[in-house]
Amino acid sequence: MFDEKAFRNFMLDGILTEEEYIFINLRAKKINVDTNKNLDIFGCFIKPIDSNVVIDFNLLVPIIKDLKSMLVNIHEYTHAMLLYRHINNGLELDKTEKIPRANEEKYLKKIKTI
Ligand SMILES: [Zn+2]
């Protein structure tokens with residue numbers, strides 16, 4: 001239930017376009033660590049670092065194997081989506097946690113109804 005395929009299906013169902021998914025995937029490093037201990041190492045990092053003009057980004061996320069790692073991926077890919085749309089579509093950059101958290105909630109609601 002918690003794997004890369006389920007993640008992809010969820011993200012492509014109204015959150016990301018296929019093109020965005022591919023773009024973000026190319027910038028994501030997935031590591032196999034215990035998400036109960038290492039949560040704060042994950043993130044979406046802008047390039048250049050500390051610049052006001054974001055031109056690219058990369059992500060560090062856990063390999064998906066349980067609910068927690070799934071939620072971290074949903075959260076960080078959503079940050080990446082907001083960066084993508086800022087860089088490529090000129091949308092104002094939303095640095096808040098609002099949309100990433102909303103997508104986590106959306107996923108939790110979805111699995112409750114299955
Ligand atoms: Zn966040």
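The values are calculated or read from the model by the stated rules, or taken from the named source; none is laboratory data. Not measured: the values here are computed from a predicted model. Neighbour counts run over all protein chains shown; Cβ positions are idealised from the backbone, glycine included.
Side notes on the structure shown:
- Taken over the stretch 19-35, the criterion of being more than 14 Å from the chain's Cα centre (by Cα) and exposed (fewer than 10 other Cβ atoms within 10 Å of the Cβ) is satisfied by 32 alone.
- Filter result (hydrophobic (A, V, I, L, M, F, W, C) and either within 13 Å of the ligand (Cβ to nearest atom) or out of contact with any strand residue (DSSP E or B) (no Cβ under 8 Å at 6 or more places or on another chain) (or both)) within the stretch 83-114: 83, 91, 93, 99, 102, 108, 111, 114
- Residue that is modelled with the lowest pLDDT [pool: residues in the stretch 17-58 that are under 17 Å from residue 94 (Cβ atoms) and within 16 Å of the ligand (Cβ to nearest atom)]: 54
- The sole residue among 73, 89 that is surrounded by fewer than 22 Cβ atoms within 10 Å (Cβ to Cβ) and either closer than 17 Å to residue 19 by Cα or in contact (Cβ under 8 Å) with a residue 24 or more places away in the chain (or both) is 89.
- Qualifying positions in the stretch 76-101 - assigned to a loop (DSSP other than H, G, I, E, B) and of a type in the set (Val, Ile, Thr): 96
- In the condition set (1) of a type in the set (Asp, Glu); (2) in a helix (DSSP H, G or I); (3) under 26 Å from residue 112 (Cα atoms), residue 19 is compliant with all but (3).
- Pair list, Cβ < 8 Å and 6+ apart or interchain, from the stretch 21-42 residues that are within 15 Å of residue 7 (Cβ to Cβ) and of a type in the set (A, V, I, L, M) to residues that are in a loop (DSSP other than H, G, I, E, B) and modelled with pLDDT of 95 or more: 24/16
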